[in-house]
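Structure first, then comments.
The values are calculated or read from the model by the stated rules, or taken from the named source; none is laboratory data. These numbers were taken from a predicted model, which means no experiment stands behind them. Neighbour counts run over all protein chains shown; Cβ positions are idealised from the backbone, glycine included. Note: areas computed on protein heavy atoms with side chains; ligands, DNA, RNA excluded. Shrake-Rupley method; radii C 1.70, N 1.55, O 1.52, S 1.80 Å.
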Amino acid sequence: MADVAKEAGVSHQTVSRVLNGHPNVRSETRTRVLQAIDKLGYRRNLVARALVTKHSRTLGVVSFDTTLYGPASTVYGIEQAARAAGYFVSVVSLTSIDRAGVRDALDYLAEQGVDGAVVVAPQRSAAEALADLPPGMPAVAVEGGQAGDVSVVCVDQVAGGRLATEHLLSLGHETVWHVSGPSEWLEAEGRVAGWRAALEEAGRDVPCPLAGDWSPRSGYEAGRSLARMRNVTAVFVANDQMALGVLRAFTEQGVRVPEQVSVVGFDDVPESAYFSPPLTTIRQDFDAVGRHGIEVLIRQLEGGRDDRERLVVPPSFVPRASTAPVA
């Protein structure tokens with residue numbers, strides 16, 4: 001900083017004010033300092049800064065299985081929001097979510113000196129693990145359901161299940177079958193609850209859900225079973241990847257979509273608009289989830305850990321060609 005001050009012809013304190021975005025610096029002075037920084041290739045020593053301020057400007061993120069579209073998109077949204085807020089991100093990816101694994105990941109992040117942590121907690125075991133937070137660590141659970149004494153930011157999965165089911169009922173279908181996600185996932189649980197509530201409130205039969213594991217293969221197996229049932233005219237599938245498998249099974253069995261069976265997915269993956277036929281689905285706003293998660297965490301950092309929030313992001317309906325009025 002002394003070299004930058006000498007090059008720009010200003011004081012050390014002026015360079016510090018420019019670096020910290022202080023408003024009381026004349027624009028020409030700020031420009032001169034920034035030019036000196038660029039010329040000399042100056043970079044702040046963040047380790048030294050953390051020792052002085054007691055803040056690392058780094059946030060921890062605990063996630064797992066980022067090959068799945070939902071968790072991967074959530075982590076990306078968190079990273080973008082953190083960077084926009086002036087924070088670095090340290091990500092710990094776990095191969096499986098259990099209480100011991102989450103606790104170890106949080107302990108590791110605490111040792112790295114992160115200011116706080118975001119835990120992507122779509123499974124019940126991960127949400128329960130947040131009871132073991134390191135003392136004094138501000139934290140937010142993303143997709144964490146009711147994650148104990150921790151702030152939560154999540155998409156309204158129940159509303160998403162309702163949207164999908166009510167759309168199919170509005171097209172004249174007598175009932176709606178469901179291919180669900182894994183039972184230990186809070187998101188799958190919420191989508192089942194929304195589907196079931198919409199059918200019960202409409203006075204319709206509630207078929208037994210077919211369980212999947214989020215993969216196209218499990219959707220394909222469910223689709224083969226559904227194709228053998230003559231009374232199936234509408235299917236709500238708990239994610240777009242499984243819906244892809246359902247569509248493949250229907251095609252192989254000669255079941256026409258949407259002429260004979262309407263299909264709705266969930267997530268709105270980028271490829272869903274190019275399925276055959278293009279998939280009607282429910283969109284989750286992962287950018288909003290990431291942005292709100294970081295905002296909630298920063299409010300904790302600025303105001304202390306006593307503040308607890310629950311922020312729910314609404315899903316949206318995306319109509320395409322895979323649904324139609326019942327024949």
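One residue stands out in region 28-49 among those that are hydroxyl-bearing (Ser, Thr, Tyr) and at pLDDT 90 or above: the one that is nearest to Gln112 (Cα to Cα), namely Thr31.
Filter the strands (runs of 3 or more DSSP E) completely within region 88-176 down to those with at least 1 residues that are in contact with a strand residue (DSSP E or B) (Cβ under 8 Å, 6 or more places away or on another chain) and open to solvent by 30 Å² or more (accessible area, probe 1.4 Å).
On the way: elements: 88-94, 116-120, 139-142, 151-155.
The strands (runs of 3 or more DSSP E) meeting that bar are 88-94.
Pairs are defined by a Cβ separation below 6 Å, a sequence spacing of at least 6 or placement on different chains, a first member in region 178-189 that is of a type in the set (S, T, N, Q), and a second member that is in a helix (DSSP H, G or I); the pairs so defined are Ser180/Ala188; Ser180/Val192. Within region 225-236, not a single residue is β-branched (Val, Ile, Thr) and within 30 Å of Val140 (Cα to Cα).
Against the definition (touching a His at 6+ places or on another chain (Cβ under 6 Å) and open to solvent by less than 30 Å² (accessible area, probe 1.4 Å)), how does Ala198 come out, yes or no? In short, no.
Listed by position, the helices (runs of 4 or more DSSP H) inside region 213-327 whose residues that are closer than 30 Å to Gly172 by Cβ number at least 3 are 216-227, 240-252. For region 205-240, a residue qualifies if it is closer than 18 Å to Gly70 by Cα, among the charged types (D, E, K, R), surrounded by fewer than 24 Cβ atoms within 10 Å (Cβ to Cβ) and out of contact with any Pro (no Cβ under 6 Å at 6 or more places or on another chain), and exactly one does: Arg217. Within region 121-136, residues that are farther than 17 Å from Ser96 by Cα reach partners that are small (Gly, Ala, Ser) and surrounded by 18 or more Cβ atoms within 10 Å (Cβ to Cβ) with beta carbons closer than 7 Å, at six or more positions or on different chains, in the pairs Leu133/Ala139. Of all residues in region 246-265, those that are over 12 Å from Ser276 (Cβ atoms) and surrounded by 14 or more Cβ atoms within 10 Å (Cβ to Cβ) have Cβ atoms under 7 Å from Cβ atoms of residues that are of a type in the set (D, E, K, R) and at pLDDT 95 or above, 6 or more apart or on another chain, in Ala249/Arg224; Gly265/Asp240.
Inside region 1-15, can you point out the residues that are part of a helix (DSSP H, G or I) and buried (at least 16 other Cβ atoms within 10 Å of the Cβ)?
Kept after step one, since they are part of a helix (DSSP H, G or I), are these residues of region 1-15: 2-8, 12-15.
If the condition is that a residue be part of a helix (DSSP H, G or I) and buried (at least 16 other Cβ atoms within 10 Å of the Cβ), then Val4, Ala5, Glu7, Ala8, Thr14, Val15 are the ones that fit.
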